[in-house]
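S.K.: Take this structure, written in structure tokens, and hold onto it; I'll ask about it next.
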Amino acid sequence: MKARAFVVAGTHSGSGKTTVTLSLMAAFRDRNLKVQGFKVGPDYIDPSLHKIITGSPSVNLDSWMMPEKFLKWTFAKHATTAGINIVEGVMGLYDSRTATSDDGSTAEVAKLLGLPVILVVNAASMARSAAALVKGFSEFDPLLNISGIIFNNVGSPRHLELLRNSVQHYCNIPVLGGLPREQRIEIPSRHLGLFMGEDEVLSSRVIRTLSQLASDYLELELLEKISEVKIKQADEIEVELLYDVPRKMAVAMDKAFCFYYSDNLEILQKLGFNLTFFSPLVDKHLPEDACVVYLGGGYPELYASQLSDNRKMIQSIRKFHEKNGWIYAECGGLMYLGEELETTEGERFRMCGIFPFRTRVLPRLKSLGYVEIEPIENFLFLNKGTPIRGHEFHYSEICKMRDNVKNIYTSKPKEKSSGYRVKNTLASYVHLHLSRLIA
């Protein structure tokens, strides 16, 4: 079926693709189009910003973590109901897992989905050289359709004219405009990237500014024409239920625990779980009749005092664990289930104490990268010997791990990642994408 969709890609990280993406989302929303956001790669933060503007969850597209069948299915499922679909890339357009392939790159996702690419170029301190850059990117992969250029950090109308004339002279690619330097829309940094959308850094004023910038400086009508594509309606993926009777899964969801792929939550429902949400920050007890607890990643270190002070919730989780309830935790969830959490300032806060270790937050990145794990025993929805993929991205480390804690993961790269199990509680630094459980 016909739809509108395109990929916003950058020449490199920091080129301005997030600003351009958010501006376009806001502008098309203000034109009364239903905007669906997507994000290439294993990212939680940019999708949260998309949601603030579009009003609906943004969907991750990752050609390494997801089977190709699932990637095409989830894109078609969401794209065919929207007025326009905007896919924000990751890093530079061609950056991938290796130096000689496009495995996991924005370019690979664009080719798999047959989508036009809008290339964002940071034009600061650049004029005629922009044409050389664009020409190199456009000819690097003949199978990729780079259909438009948007410049960022344009100094003046004269600067944009020089950039446009240069690209039009040397490259057969339309220039769709350029955003000026705009200090009012900078989004402050946090140690895991940008702030989450829930942190309200995208105020109504900032969103209006973003929309106005795109309307004033970008050729939106031409972009709409460029984005017209045909999307093949994906067949529904058949899923075998884990249970005959649905089980209630309590999912931690608040400012401390907010890293979840929207597809993962849907996959869990397909597997036979009824999801209910709770907050370890403010709630005093786990939801009644919950059979499974899911503690995702997030920022527990920023709320360590509040989490520690909520002793009733900690007691509720410990009691659930001691009665052999199923608990699955990732990254921030792992930190919460340890004995203590130590901040970068050296303060220590008591946590749940289910695992006999403490975690310490570091001022530098501890681990970043894709990982494939293979369980050596069955656990809830994970099957012995069946590989599943994910990624790690954290600034904390485990201190004083005891030898008697069982690790049920083998991993590639070898021994990079562990999955610690005590009774029916499993915790790991790996953020898994569950698509390989059903596709």
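S.K.: Go through (1) over 27 Å from L115 (Cα atoms); (2) touching a helix residue (DSSP H, G or I) at 6+ places or on another chain (Cβ under 6 Å) for K248 and report which single condition fails.
M.R.: Going through the list (1) over 27 Å from L115 (Cα atoms); (2) touching a helix residue (DSSP H, G or I) at 6+ places or on another chain (Cβ under 6 Å), K248 breaks only (2).
S.K.: Regarding A3, is this residue out of contact with any Gly (no Cβ under 6 Å at 6 or more places or on another chain) and crowded, with 24+ Cβ neighbours inside 10 Å?
M.R.: Details: out of contact with any Gly (no Cβ under 6 Å at 6 or more places or on another chain): yes; crowded, with 24+ Cβ neighbours inside 10 Å: no.
It is false that A3 is out of contact with any Gly (no Cβ under 6 Å at 6 or more places or on another chain) and crowded, with 24+ Cβ neighbours inside 10 Å.
S.K.: What pairs can you find where one residue is in the range 316-334 and in contact (Cβ under 8 Å) with a residue 12 or more places away in the chain, the other is part of a helix (DSSP H, G or I) and charged (D, E, K, R), and their Cβ atoms are less than 9 Å apart, with a gap of 6+ or different chains?
M.R.: Going by the 9 Å Cβ cut-off, the qualifying pairs are G325/K319; G332/E301.
S.K.: Look through Y336, Y294 and report the one residue that is under 17 Å from H394 (Cβ atoms) and not basic (K, R).
M.R.: Values: Y294 fails: under 17 Å from H394 (Cβ atoms).
Sole residue among the options that is under 17 Å from H394 (Cβ atoms) and not basic (K, R): Y336.
S.K.: Suppose we keep only residues that are of a type in the set (A, V, I, L, M) and within 25 Å of M65 (Cβ to Cβ) within the range 216-249. Which one would you say is surrounded by the most Cβ atoms within 10 Å (Cβ to Cβ)?
M.R.: By that ranking, first place goes to M249.
S.K.: Which strands (runs of 3 or more DSSP E) sit wholly inside the range 253-299 and have at least 2 residues that are within 21 Å of the chain's Cα centre (by Cα) and within 24 Å of K423 (Cα to Cα)?
M.R.: Where strands (runs of 3 or more DSSP E) fall fully within the range 253-299 and carry at least 2 residues being within 21 Å of the chain's Cα centre (by Cα) and within 24 Å of K423 (Cα to Cα), they are 273-278, 292-295.
S.K.: Right, another one. Considering only residues that are free of Cβ contacts under 8 Å to residues at least 60 places away in the same chain and crowded, with 24+ Cβ neighbours inside 10 Å, which ones fall in the range 36-61? Please lay out each step first, then the result.
M.R.: Our first condition is that a residue be free of Cβ contacts under 8 Å to residues at least 60 places away in the same chain; within the range 36-61, this holds for 36-39, 54-56, 61.
Residues satisfying the conditions are Q36, G37, F38, K39, L61.
S.K.: So which residues in the range 363-382 are under 11 Å from Y409 (Cα atoms) and outside any strand (DSSP E or B), if there are any at all?
M.R.: The answer is I376, E377, N378.
S.K.: Quick check on my filter: what residues within the range 356-370 are closer than 16 Å to L334 by Cα and hydroxyl-bearing (S, T, Y)?
M.R.: If we filter the range 356-370 for residues that are closer than 16 Å to L334 by Cα, which is where we start, we get 356-362, 366-367.
Within the range 356-370, T359, S367 meet the criteria.
Values in this text are rule-based calculations from the coordinates and carry no lab data. Bear in mind that the values here come from a model prediction, so they are computed numbers and not experimental data. Using ideal geometry, Cβ is built from the backbone for each residue, glycine included, and neighbour counts are taken over all protein chains shown.
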